[in-house]
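One structure is given here, and the rest of the page talks about it.
Every read-out reported here was derived from the displayed coordinates using simple, explicitly stated rules and does not represent laboratory data. Nothing here was measured: the structure is a model prediction, and the numbers come from that model. Heads up, the Cβs are rebuilt from the backbone with ideal geometry, glycines too, and the neighbour counts pull from every protein chain shown.
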Amino acid sequence: MLYLEGTIDRFENDVAVIRLETGSSLLWPKEKLPSDCHEGSVVKVGVDSNLTKTTETEILAKDVLNEILKNE
């Protein structure tokens, strides 16, 4: 899993604006943050791939395309 650190810059309605260490901003639902987070809190965001879901999506896309091409 890949992790990026960021700082909660501000809250806009129910969304936290997190400034990542890369300089990019990430919008994150406030309700998905730990309850003790506030502006200025440093958070760690994890990203992981889901190969099973990716494969399922690719198979579905191919099936749909084959069905479209078969009906022409």
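Overview of results
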item	result
Contour minus Cα-Cα distance for residue 2 and residue 44 (0.36 nm per residue)	14.1 nm
Residues whose placed amide H lies under 5 Å from that of residue 16, excluding near-sequence neighbours	28, 30
FRET E, pair residue 22, residue 59, Förster distance 30 Å, beta-carbon r, rounded to 0.05	0.35
Kirkwood Rh in Å, taken over the chain so that all alpha-carbon pairs contribute	14.9
Normalised contact order of region 9-72, rounded percent, pairs of Cα under 8 Å and 6 or more residues apart	20
Rough spin-label spacing in nm, given labels placed 7 Å along Cα→Cβ, for residue 33 and residue 10	1.3
For residue 25, net neighbour charge (Lys/Arg +1, Asp/Glu -1) across residues whose Cβ lies under 13 Å away	-1
For residue 39, net neighbour charge (Lys/Arg +1, Asp/Glu -1) across residues whose Cβ lies under 13 Å away	0
Derived scalar couplings ³J(HN,Hα) [region 30-45; Karplus, 6.51 cos²θ - 1.76 cosθ + 1.60; whole Hz; x for Gly, Pro]	4, 6, 8, 8, x, 5, 8, 6, 8, 4, x, 5, 8, 10, 10, 10
